[in-house]
Amino acid sequence: MSKERSDALFQLIKSLKKSEKRYFKLHMARAEDKKISRLFTLIDAQRSFNDQEILETDSTLKPTQLSNLKAHLYTKILNALRDYNSNTLPNIKIRDMIDHAEILFNKGLYRQCAEVIRKVKKIAIKSGNLEMQLEILKWEKQVLFHTSGRENRERTNEIIADVQQVNNRINNINSFSNLQVKLQSLYQKIGFIRNESDYNKIQNVFAASLPVFVEEELSNSEKISLYNLYVGYYFFLQDFEQGYSYARKLVNLFNENKALIQSMLESYIGSLNHLLIAQNKMLKYREFQATTRELRALNNLPSAQLNENIRMKLLKYTFVHEFNRLFLMGDFERGVKLMERIKPGMEQFIGQIDLHSKVILFYKTACLYFGNDNYLTAIYWLNKIINSKEADLRADIHGFARILNLIAHYELGNMELIEYYVRSTYRFLLKKEDLHLYQKYILNFLVRLKTNITQEELIKRFRALRENLIPLTKDPYERRAFIYFDIISWLESKIERRPVQNVIKDKALVRLSEI
């Protein structure tokens, strides 16, 4: 067994929960070959995988056997996990029942096969799994050829119609999801639309790829795919009101069809995440809190449903939206305390998330420390973005990271670095075709600052910059800049000579009192 596959076996064993390990050992207790059980125990006890240590510990395991034993162990673990999860993951149960139907069919036991198909079809329809429904219809046709009855001709026509309907639904879902992937790919490159050219490009892609449909006639699976597409599309265009509308429809669909939550738990978690993003952008604080409680309640699901993938997503979204809540309230001090508390586990968490999520995490963390006046720490996190080789991934965040880096150096009094960083940032933004009025105003403001400027003149310039920027908050393309950094509140903190988080807190309290 290659080192890569040995590492995969080690990682698989270490990923098992205690209950899964116990189940595997019981599963193997009935096996004749005790060497595989012994090998499992030895690998489970290791901190890092070591073949030689295994051979030295157990002399009954021979070097010539070890490679095959590890390969068999890997397969045995996966088989045991499939059995362990068969009652909690509907798709596993459906596949098993289809396999049983095939075995009965091959035995010539057609009526028994038909009975299994009848039962599994109900489960597949309830779970909304269209691909499995198509597989079941295939076997239903096969069985029909081997059974006689007056109703066969009528049932044949029904099956043909069912196959056509399921195929149409699958084609719709593929069209919706393919378009969503296209838009997501563009979003991960540029971020929110920057100008009219971006807007027209997105509109053309969307109009050319969206199939004709009647929403009321769509299945739940189709609606989930469609609503996810619309949420991503409207978020991309910064139309958070429409994005909120579809995110709400998505969550409502799950809540009205509880069986979908179990069979599509990951999609349900994603729908709550979309709704929380929209509520945050639209400053719907009370709703945001209620949805956060819905998300956190999922941690109380039976442990069998909370696999590592689901746990990871719950952990990620729980912390992301707790930090978003603290941003919304301007409570950066509490945010920093929370970050310091979870920092020991950050390295492992960062290693498990995708590159796009890393860039967002680094930027939000930098903003958190900046808001708490910890400028050196903010620069540390910003440099993780600026020095990254992945500058084509979310070029917008790379650009705004450079802007925030400049402002942090200004706060630290590093005026000798400002001119150099301004030139560097100009070059980057020009290269990425992302130099707009917002960036120009800030860069021109910073490069013109002198260390010997009077306090009165400085506040005058802060006011002038604020007056120049405020109209941009209404511009459909310039306004995206204020999503990344609340520079208006920072400028007001400079003008009023008080901490930025106090300014944001006061604004949050005013919003809450209006609600």
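The values are calculated or read from the model by the stated rules, or taken from the named source; none is laboratory data. As the structure is a prediction and not an experimental result, all values here were calculated from the model. All Cβ positions, glycine included, derive from the backbone under ideal geometry; neighbour counts span all protein chains shown. Areas reflect the complete protein model, heavy atoms only, side chains present, ligands, DNA and RNA absent. Shrake-Rupley method; radii C 1.70, N 1.55, O 1.52, S 1.80 Å.
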Enclosed volume per residue, in Å³, of the convex hull spanned by Cα atoms of segment 382-426: 62 Å³
Treating the beta-carbon of each Lys and Arg as +1 and of each Asp and Glu as -1, no other charges, what is the dipole magnitude of segment 380-450 about its Cα centre, to the nearest 20 debye? 120 debye
Determine which residues of segment 324-359 fall in the zone a paramagnetic label at Phe482 would reach in this model, i.e. backbone nitrogen under 18 Å from the point 7 Å along Cα→Cβ. 327-330
For segment 147-196: span of alpha carbons on each principal axis (Å, largest first): 65, 19, 8
Charge dipole of the chain about the Cα centre (unit charges at C-beta), most positive-ward option of Leu265, Asn79, Leu465: Asn79
Relative frequency of Cα-Cα separations exceeding 23 Å in segment 164-243, percent: 21 percent
Along segment 178-187, Karplus-curve 3J(HN,Hα) (6.51, -1.76, 1.60; θ = phi - 60°) to the nearest Hz, with x for Gly and Pro, reads 5, 5, 4, 5, 4, 5, 4, 4, 5, 4
Using the Cα atoms of segment 411-500, I'd like the radius of gyration and the largest Cα-Cα distance, Dmax, both in angstrom. 13.5, 38
Rounded if a/c is under 1.5, else prolate if a/b beats b/c, else oblate: with a ≥ b ≥ c from the C-alpha gyration tensor eigenvalues square-rooted, which is segment 176-319? prolate
Helix 415-431 versus the longest principal axis of the chain: what is the Cα-based angle in degrees, 0 to 90, to the nearest 10? 50 degrees
Would you please put 407-415, 343-351, 235-243, 222-230 in order of how densely packed they are, using the mean number of other Cβ atoms within 10 angstrom per residue and starting with the highest? 222-230, 235-243, 407-415, 343-351
Would you list the P(r) distribution for segment 46-108, with all Cα-Cα distances sorted into 5 Å bins from 0 and each bin expressed as a whole %? 4, 14, 14, 15, 13, 10, 9, 11, 7, 2, 0
Counting each pair of different Cα atoms once, what's the Kirkwood radius of the chain in Å, rounded to one decimal? 27.2 Å
When each of Lys281/Lys358; Lys21/Lys121; Lys18/Lys70 is checked by Cα-Cα distance, pairs over 24 Å: Lys21/Lys121
Residue pairs, from the table Lys122/Lys316; Lys17/Lys126; Lys182/Lys223; Lys316/Lys474, whose Cα atoms sit over 23 Å apart: Lys122/Lys316; Lys17/Lys126; Lys316/Lys474
Evaluate the Debye formula for segment 468-515 with equal point scatterers sitting on the alpha carbons, no solvent, and hand back log10 of I(q)/I(0) at q = 0.30 Å⁻¹, in q order, two decimals. -1.02
Mark the label point 7 Å from the Cα of Ser357 along Cα→Cβ and return the residues of segment 256-274 whose backbone N is within less than 14 Å of it. 266-267, 269-271, 273-274
Quick one: Karplus J couplings for segment 244-261, per residue in order, coefficients 6.51, -1.76, 1.60, θ = phi - 60°, nearest Hz, x for Gly and Pro? 4, 4, 6, 5, 5, 4, 5, 5, 4, 4, 5, 5, 7, 10, 4, 4, 5, 4
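For a test of the definition: using alpha carbon positions, the gyration tensor, and the 1.5 limit on a/c, classify segment 240-348 as rounded, prolate or oblate.
Since a/c reaches 1.5 but b/c is at least a/b, the shape of segment 240-348 is classed as oblate.
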Convex hull over the Cα atoms of segment 39-172, averaged projected area in nm²? 12.3 nm²
Of all GluC sites (Glu not before Pro) in segment 113-155, which ones are in loop regions per DSSP and have a Cβ with at most 16 other Cβ atoms within 10 Å? Glu151
For segment 195-274 the mean separation of alpha carbon contacts under 8 Å (6+ apart) over residue count, i.e. relative contact order in percent, is 23 percent
Helix 437-447 against the longest principal axis of the chain: what's the angle in degrees, Cα atoms only, rounded to the nearest 10? 50 degrees
Counting Lys and Arg as +1 and Asp and Glu as -1, each charge on the Cβ, what is the dipole of the chain about the Cα centre in debye, to the nearest 20? 760 debye
Can you list the equivalent-ellipsoid semi-axes of segment 1-110, largest first and in whole Å, using the square root of 5 times each Cα gyration tensor eigenvalue? 31, 16, 13
Cleavage-rule hits, trypsin sites (Lys or Arg not before Pro), segment 349-384, DSSP coil, Cβ neighbours within 10 Å at most 14: none
For the chain, longest principal axis from Cα atoms; helix 500-514 axis from its Cα atoms; angle between them, nearest 10 degrees, is 70 degrees
For Arg497 and Lys431, extending 7 Å from Cα along the Cα-Cβ vector and measuring point to point gives, in nm, a value of 4.1 nm
Value of relative contact order over the chain, rounded to a whole percent, pairs C-alpha under 8 Å and six or more apart: 10 percent
Please report the net charge: other residues with Cβ closer than 13 Å to the Cβ of Ile224, K and R +1, D and E -1. -1
At 7 Å along the Cα-to-beta-carbon direction for both Arg311 and Leu417, put a label point, then send me their distance in nm to one decimal. 4.0 nm
In whole angstrom, largest first, the equivalent ellipsoid semi-axes that the Cα gyration tensor gives for segment 304-386 are 23, 15, 10
Segment 274-415: C-alpha pair distances exceeding 27 Å, %: 25 percent
What's the whole-number percent of alpha carbon pairs in segment 124-177 lying beyond 15 angstrom? 51 percent
Give me the aspartates and glutamates in straight-line cross-link reach of Lys494: C-alpha distance below 16 Å, same-chain residues under 8 apart excluded. Asp373, Glu411, Glu456, Glu457, Glu467, Asp486, Asp506
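Per residue, how much accessible area does the chain have with a 1.4 Å probe, in Å²?
Each residue of the chain exposes 53 Å² on average to a 1.4 Å probe.
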Rg/Rh ratio calculated on Cα atoms of segment 116-207 (Kirkwood radius): 1.26
About the Cα centre of segment 34-101, how large is the charge dipole given +1 on each Lys and Arg Cβ and -1 on each Asp and Glu Cβ? Please answer in debye to the nearest 20. 140 debye
Globularity ratio of segment 362-515, using Cα Rg and 2.2 N^0.38 Å: 1.03
